[in-house]
Amino acid sequence: MSSMVEGITAKVGLATCGLAAGAQQVADAFSKEGVHVWKVGCLGLCHLEPLVEIQKEGYPPVLYSKVDPSKVSLIAKASAAGLIAEGAYAIHGARGNWKGADIIPRLEELPVWKLQTRRVMSNCGVIDPQSIDEYLAVGGYSGFKRALTISPEQVIQEVTRSGLRGRGGAGFPTGKKWALCRNSPNTPRYAICNADEGDPGAFMNRVLLEGDPHRVLEGLMISAYAIGSNQAYVFVRAEKKLAAQRIAQAAEAAKDKGFLGTEIMGTPYSLQVNVALSAGSFVCGEETALIAAIEGKRGMPRARPPFPAQAGLWGKPTNINNVETLGHVATILANGADWFAQVGSEKSKGTKSFCLSGRVALTGAYEIPLGTPARVLVEELGGGAAEGRKIKAVQTGGPSGGCLKAEELDLPLDYETLQQAGSTMGSGGVVVFDETACAVDIAKYFLGFTKSESCGKCVPCREGTYRLHEMLDNFSKGKGKEEDLEKMVYLGQLMREASLCGMGQGASNPVLSLTSKFREEFLQHAREKKCPTGVCPMR
């Protein structure tokens with residue numbers, strides 16, 4: 001290392017969002033300058049990528065945003081001299097030894113940071129996701145170690161007492177789900193991590209898997225111990241290669257450390273973890289379709305009951321939790337149920353990570369207490385609509401969710417409130433639409449997604465998504481009729497009641513929500529043959 005940069009480290013975010021913005025080239029440039037590069041995951045501040053935190057011996061760290069290779073030499077030279085690099089977008093100044101830091105706000109002073117309560121994402125962008133030693137250094141696997149000192153039933157009681165609900169969308173109490181599987185008399189039992197994230201606008205699971213895979217793995221290991229399973233799977237969407245790679249590396253590292261295998265840490269408990277890749281079908285996020293895919297079959301749902309807790313993988317009791325749920329499990333066992341329940345609402349305990357995308361100023365992944373008003377997420381954390389425009393609608397819950405109008409953003413983000421407002425929590429994807437968006441076009445977009453992703457097994461979903469999309473397409477071309485509105489509502493309700501799985505049951509939600517809240521806009525398309533925003537071709 002050259003004397004110019006001695007004692008300086010560049011912490012570079014090399015998750016998918018950073019890599020897409022050119023972070024690898026930035027890391028290579030720092031290496032050429034003789035600066036030690038520390039590879040970490042994503043902080044969740046996607047709108048600021050590539051992000052680089054400069055660490056210098058005897059100095060507090062400084063965070064630079066939107067770094068490109070042309071700025072690397074400037075940052076390295078300035079850092080060597082104890083200066084903040086001018087014109088390099090420093091957003092985290094330290095009031096310590098750095099010259100020029102007094103004009104730069106601290107990261108914790110910015111709304112995008114101070115409004116968050118980072119628990120499950122606390123290590124993302126902080127530690128090297130490929131280093132189990134760094135995870136151990138921040139308390140990693142302490143939850144699993146604690147679990148092995150108490151009975152499986154006590155583990156389930158702790159998770160139940162915490163109030164943790166599934167973060168994959170349904171919000172089912174996690175402890176109750178584990179107990180159902182644990183109490184099933186059939187054996188062997190299986191534990192699965194559902195990492196088949198495929199909602200448009202949802203990337204919180206990818207951020208966690210790429211930035212802190214050991215936390216997810218630890219939660220899966222705790223769940224397996226609790227239900228009495230010796231075989232666990234992580235089911236990862238094949239397109240998310242980096243996430244799959246990092247969780248597989250984590251499993252190998254845990255095995256080398258003695259956290260996986262036989263007679264773990266001198267106890268009678270044994271556990272093996274395998275990573276299975278999804279073929280990329282959205283419906284494979286549904287539990288029974290996921291199970292079929294792991295078994296080597298076409299990923300299609302089946303009728304329930306029996307539920308997976310009674311008859312799942314290869315007909316045996318199976319517990320399935322999503323990535324974020326398992327991340328919280330690790331923290332609950334490490335810190336206790338009371339600690340977890342300190343934040344959140346009465347019926348929705350803890351924190352939830354949300355992904356903001358669409359026409360929002362500050363895209364990213366943000367972790368906030370459940371019950372926080374949607375306006376805090378969208379306007380204070382997300383900076384409101386991009387380019388100074390006004391917010392028109394916010395879609396929550398992905399393609400199976402519904403929308404909130406701008407005047408509904410004071411509603412708290414919790415399971416019951418969103419459901420009462422005609423939407424859902426989903427996995428946490430939040431897509432913002434501004435005043436230039438058209439309600440008909442929004443509905444058509446989400447129906448187009450679910451139509452193409454339908455497995456075709458049941459008639460209500462296979463035919464319903466096609467016909468709904470057909471009617472929406474007619475509206476967008478000026479061919480829609482006023483009476484078609486009632487037909488869409490009738491068909492959407494029928495799909496909700498008769499479809500085989502959650503995808504079909506929720507596919508019509510955007511249509512039902514948008515036709516209710518923006519009815520006049522649909523009528524304008526039908527009566528006046530006019531799109532008020534000019535988005536629809538109307539021909």
- Query: What percent do you get for the relative contact order of segment 423-510 when only Cα pairs under 8 Å and 6+ apart count?
  - Reply: 32 percent
- Hey, got the dipole for the chain? About the Cα centre, +1 on K and R Cβ, -1 on D and E Cβ, debye to the nearest 20? 920 debye
- Binned Cα-Cα distance frequencies in segment 351-434 - 5 Å width, integer %: 3, 17, 32, 29, 15, 3, 0
- Sparse-neighbour loop sites [GluC sites (Glu not before Pro); segment 308-403; at most 16 other C-beta within 10 Å; DSSP]: 346
- So what's the projected area for the chain, the Cα convex hull averaged over all directions, in nm²? 25.1 nm²
- Message: Using 0.36 nm times the number of residues separating residue 265 and residue 470, minus their current alpha carbon distance, what extension gain do you get?
- Response: 67.9 nm
- Message: Going by average Cβ density within 10 Å per residue, which order do the peptides 423-429, 57-63, 347-353, 140-146 take, highest to lowest?
- Response: 423-429, 347-353, 140-146, 57-63
- Relative contact order %, the chain, counting alpha carbon pairs below 8 Å whose residues are six or more apart: 13 percent
- Peptides ranked, highest mean first, by Cβ atoms within 10 Å: ranges 214-221, 479-486: 214-221, 479-486
- Task: Give me the distance between the Cα centres of segment 494-531 and segment 265-341, rounded to whole Å.
- Result: 32 Å
- Query: Remind me, relative contact order of segment 132-340 in percent, using alpha carbon pairs under 8 angstrom and six or more residues apart?
  - Reply: 32 percent
- Task: Have a look at the DSSP beta bridges in the chain and tell me what percent are antiparallel, nearest 5.
- Result: 50 percent
- Using just the alpha carbons, could you tell me how many Å³ per residue the convex hull of segment 439-527 encloses? 70 Å³
- How many nm is it between the label spots at residue 535 and residue 142, if each spot is 7 Å from the Cα in line with the beta carbon? 4.8 nm
- How large is log10 I(q)/I(0) at q = 0.09 Å⁻¹ when the Debye formula is applied to the Cα atoms of segment 132-340, each weighted equally and without solvent? -0.29
- Item | Ranked by how many other beta carbons lie within 10 Å on average, peptides 524-537, 299-312 from highest | 299-312, 524-537
- Note on the structure: The answer for the net charge of residues other than residue 14 whose Cβ lies under 12 angstrom from its Cβ, with Lys and Arg +1 and Asp and Glu -1, is -1
- Task: Among the listed pairs 444/481; 56/257; 257/347; 99/352; 71/99, give every one whose C-alpha distance is greater than 27 Å.
- Result: 56/257; 257/347; 99/352
- Task: Provide the net charge surrounding residue 241, with neighbours chosen by a C-beta distance below 11 Å and charges set as Lys +1, Arg +1, Asp -1, Glu -1.
- Result: +2
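Readers should treat all values here as calculations from the given coordinates under stated rules, not as data from a laboratory. Computed from a predicted structure; not experimentally measured. In this analysis, Cβ positions are derived from the backbone assuming ideal geometry, glycine residues included, and neighbour counts consider all displayed protein chains.
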